[in-house]
Amino acid sequence: QTLKYSLGLGLVELSTTALSSIELYEVSRPVLEELNAETGETVFLMVLDRGEGVYIRKIDSRQKLAIRSEVGRREPAHASAVGKALLAYLPEAEVEEIVARVGLPKMTENTITDLATLKAHLAEVRRRGFAIDNEEGELGIRCIGAPIFDHRGHPVASVSISAPASRVSLEQLLGWSDLLLSGARRISHQLGYRQPQP
């Protein structure tokens, strides 16, 4: 009535973000269910929020001994395969800003706590297309994660397969890499991503 307030472009940005999150949540479900069925292990979907990884979807393992992380849980991105899969495809300046803000806290004896080491590790993640967490975030847990890209080619999420180290060896985890990468590519494709031709 007073014309002092009106809806601005910020609302468009917020609505676009919300719609993208809903789309990601919906299109990822069949792939996550397939990964869970194929491996019998816990499958997660993660996004980055303020430099931290946040689990937004989880499909539990059917095994009695399983990973118990919950949806909504936050954790340092540098200490998990899903987190590193996202960090690896961010601009280097953004990674440096995240590290400056949240640090590289030591979670276990295997956690990367040095920025230069992390950068070298992320380059390796980009080379092979997926990340490994070999008891870096929590002792007794191994994980393999791959990035999901939107139509602009930006990493918007990551998907992972997690299992107790007592049941799944590093070699077995690596054996799931093709399955995981195929699933991540399918979700990315559904979000409009078209991989550049070599």
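The values are calculated or read from the model by the stated rules, or taken from the named source; none is laboratory data. Every value quoted in this text rests on a predicted model; they were computed, and no experiment measured them. We place every Cβ from the backbone using ideal geometry, glycine too, and count neighbours over all the protein chains shown. Each accessible area value is taken on the protein alone, full model and side chains, heavy atoms only, with ligands, DNA and RNA left out. Shrake-Rupley method; radii C 1.70, N 1.55, O 1.52, S 1.80 Å.
Total residues in region 180-198 satisfying the condition of being open to solvent by 10 Å² or more (accessible area, probe 1.4 Å), touching a residue at least 60 places away in the same chain (Cβ under 8 Å) and touching a strand residue (DSSP E or B) at 6+ places or on another chain (Cβ under 8 Å): the figure is 1.
Being in a loop (DSSP other than H, G, I, E, B) and closer than 17 Å to GLU38 by Cα is the filter here; which residues of region 149-171 pass it? Across region 149-171, the qualifying residues are ARG167, VAL168, SER169. Look at region 98-118: where a residue is farther than 17 Å from ALA88 by Cβ and a partner is surrounded by 14 or more Cβ atoms within 10 Å (Cβ to Cβ) and charged (D, E, K, R), sitting 6+ places away or on another chain with Cβ atoms under 7 Å, you get MET107/GLU136; MET107/GLU138; THR108/GLU135; THR108/GLU136; THR108/GLU138; ASN110/GLU135; ASN110/GLU136. Just checking, which of VAL82, VAL95, VAL43 is over 14 Å from CYS143 (Cα atoms), modelled with pLDDT of 90 or more, surrounded by 13 or more Cβ atoms within 10 Å (Cβ to Cβ) and not acidic (Asp, Glu)? Answer to the check: VAL95.
Can you tell me which residue is modelled with the lowest pLDDT among those in region 48-78 that are more than 30 Å from GLU92 (Cβ to Cβ) and crowded, with 19+ Cβ neighbours inside 10 Å? Going through the qualifying residues, I end up with ILE67. Here VAL31 meets each of (1) assigned to a helix (DSSP H, G or I); (2) surrounded by fewer than 17 Cβ atoms within 10 Å (Cβ to Cβ); (3) touching a Lys or Arg at 6+ places or on another chain (Cβ under 7 Å) with one exception, condition (2). For region 125-152, enumerate the residues that are in contact with a Phe, Trp or Tyr (Cβ under 9 Å, 6 or more places away or on another chain) and open to solvent by less than 20 Å² (accessible area, probe 1.4 Å). Within region 125-152, VAL125, CYS143, ILE144, GLY145, ALA146, PRO147, ILE148, ASP150 meet the criteria.
So if I check each of GLY145, GLY83, GLY129, which one is under 20 Å from VAL31 (Cβ atoms), without any contact (Cβ under 8 Å) to a residue 60 or more places away in the chain and out of contact with any Cys (no Cβ under 7 Å at 6 or more places or on another chain)? Result of the check over GLY145, GLY83, GLY129: GLY129.
Reported count of residues in region 110-148, each being closer than 22 Å to VAL159 by Cβ and either of a type in the set (Asp, Glu) or in a helix (DSSP H, G or I) (or both), is 13.
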